[in-house]
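Report on one structure; see the data block that follows.
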Amino acid sequence: MASATGSAERPSIAILGGTGSEGSGLALRWAHAGYRVILGSRNAQKAAQVCAGINERLAAARVSHAANRAAAAAADIVVLCVPYAAQRGTVEEVRDALEGKILIDTTVPLMPPKVARVQLPEGGSAVAAIQDLLGGSVRVVSAFQNVAAHLLQDLDHAVECDVLVCGDDVAARETVIKLAADIGVRGIHAGSIANSAAAEALTSVLIAINSRYKIAGGAGIRITRLDGAEH
Ligand SMILES: NC(=O)c1ccc[n+]([C@@H]2O[C@H](COP(=O)([O-])OP(=O)(O)OC[C@H]3O[C@@H](n4cnc5c(N)ncnc54)[C@H](OP(=O)(O)O)[C@@H]3O)[C@@H](O)[C@H]2O)c1
């Protein structure tokens, strides 16, 4: 798989909503790992600023920006990092640019103000609903719901948590696990896209834990007893 910006070994990555805290954190980490990243945004001025900030931090011009649709069209892999309220609308806007690609959806269906309470949408999972919407020609993979943006933004420290990776296509999950590994995070095959409900719900649990135990950086999860297990 190669594109104008990616290579066979290193696919290019578009991050829709890439100006936000989670999206820009992932962009920073992947760019730091040597990937070409395109920030997708509705606002070119804001995107240019975020983009310049990341490139300055890395002292390398690895991140560019474009409107969400153009970013999705230009990249090999697309990551969705917009708030739940904008999830479906953003996917519909870029839909034809996703054909044949992997869409990594980080969405957590938080319903403010009660974000520390699990409130999954009808049907169970926000991300599974996107796979239903797009059908089989887009391989949707759910990941990074439980990684706090704050941790991604801090390049001086490793991101200390595991990532549950859910999706119906095993090869697509494998690709996402490799992308996670390249930013120092252990991704774990966590089953079909329906299982994304658990990762989405877990975020509210982590928010409640952060609040109760005053964990400023954000608590994360670890899956035990995987070391030495067959992968
Ligand atoms: N923050 C975290 O720690 C964290 C952790 C795990 C998962 N997540 C998930 O990651 C996603 C993004 O979270 P975030 O905290 O980065 O969100 P955010 O900062 O509130 O928003 C991200 C970006 O989405 C775009 N956006 C906002 N409203 C929009 C709308 N109505 N239509 C289209 N685009 C819109 C904006 O980009 P432009 O204005 O540039 O278009 C914004 O910069 C969410 O689904 C969240 O649940 C977040």
Residues within segment 20-37 that are open to solvent by less than 10 Å² (accessible area, probe 1.4 Å), within 13 Å of the ligand (Cβ to nearest atom) and either in a loop (DSSP other than H, G, I, E, B) or under 11 Å from S64 (Cβ atoms) (or both), tallied: 1
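Regarding R173, is this residue more than 14 Å from the ligand (Cβ to nearest atom), open to solvent by less than 60 Å² (accessible area, probe 1.4 Å) and more than 22 Å from R42 (Cα to Cα)?
yes
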Selection count, segment 90-124, where residues are surrounded by 21 or more Cβ atoms within 10 Å (Cβ to Cβ), outside any loop (DSSP other than H, G, I, E, B) and of a type outside the set (A, V, I, L, M, F, W, C): 2
Tally, over segment 125-150, of residues that are of a type in the set (A, V, I, L, M) and either more than 20 Å from I177 (Cβ to Cβ) or within 8 Å of the ligand (Cβ to nearest atom) (or both): 7
The lone exception for I193 - which of (1) out of contact with any Phe, Trp or Tyr (no Cβ under 9 Å at 6 or more places or on another chain); (2) surrounded by fewer than 18 Cβ atoms within 10 Å (Cβ to Cβ) it fails: (2)
Total residues in segment 140-170, condition among the hydrophobic types (A, V, I, L, M, F, W, C) and open to solvent by less than 10 Å² (accessible area, probe 1.4 Å): 11
Every residue from segment 210-231 that is surrounded by fewer than 16 Cβ atoms within 10 Å (Cβ to Cβ) and not in a loop (DSSP other than H, G, I, E, B): S211, R212, Y213
Cβ pairs under 6 Å, 6+ apart, first in segment 21-34 and of a type in the set (D, E, K, R), second more than 11 Å from the ligand (Cβ to nearest atom) and open to solvent by 10 Å² or more (accessible area, probe 1.4 Å): R29/I183
Residue list for segment 55-77, filter: part of a helix (DSSP H, G or I) and surrounded by fewer than 24 Cβ atoms within 10 Å (Cβ to Cβ): N55, E56, R57, L58, R69, A70, A73, A74
All strands (runs of 3 or more DSSP E) inside segment 128-198 with 3 or more residues being of a type outside the set (G, A, S) and farther than 17 Å from L98 by Cβ: 162-167, 186-189
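The values are calculated or read from the model by the stated rules, or taken from the named source; none is laboratory data. The structure displayed is predicted, hence computed values, not measured ones. Here the Cβ is made from the backbone with ideal geometry for all residues, glycine too, and neighbour counts use every protein chain on show. Each accessible area value is taken on the protein alone, full model and side chains, heavy atoms only, with ligands, DNA and RNA left out. Shrake-Rupley method; radii C 1.70, N 1.55, O 1.52, S 1.80 Å.
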